[in-house]
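What follows is a single structure, written as structure tokens, with notes after it.
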């Protein structure tokens, strides 16, 4: 059976026992004999999802919440890597220096609550600052 071929159709009718507001973002699917299929179509992303009222509809609710979050993101939101410089060449010595600083940091300051207050953390930061200064 196929929605596009007209064998199945969508309807805004939510199940009679449904109480969730999320159903307003879902279309139920029924066949040509008006028998409901165990599928719905999300009106936000157009994805077809399976469900069974007897087993609960929490996954449908979560899907609608996730789709709603995506459309509410401002268009100007960009991934963090768009704002960082992608340095393609880091010398072996610089990598080794950072690795050793990290090893000292983890070996000597093993308390996570104090991780930003330890001397080794400051050492890592200083090494990274020095590397950046040397690259420019």
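Students often check this: by mean Cβ neighbours within 10 Å, which of 28-34, 122-128 ranks highest, and how do the rest follow? Could you put the intermediate results ahead of the total?
Details: 28-34: 12.9, 122-128: 15.1.
Ranking the peptides 28-34, 122-128 by packing returns 122-128, 28-34.
Determine the gain in length on full extension of the stretch residue 10-residue 70; use 0.36 nm per residue of separation and subtract their C-alpha separation, reporting nm with one decimal.
Values: separation 60, 0.36 × 60 = 21.60 nm, distance 2.36 nm.
Gain on stretching residue 10 to residue 70: 19.2 nm.
None of the figures in this text is laboratory data; all of them are computed from the coordinates on show. Being a predicted model, the structure only gives us computed values, none of them experimental. As a convention, Cβ positions derive from the backbone with ideal geometry for all residues, glycine included, and neighbour counts pool all protein chains shown.
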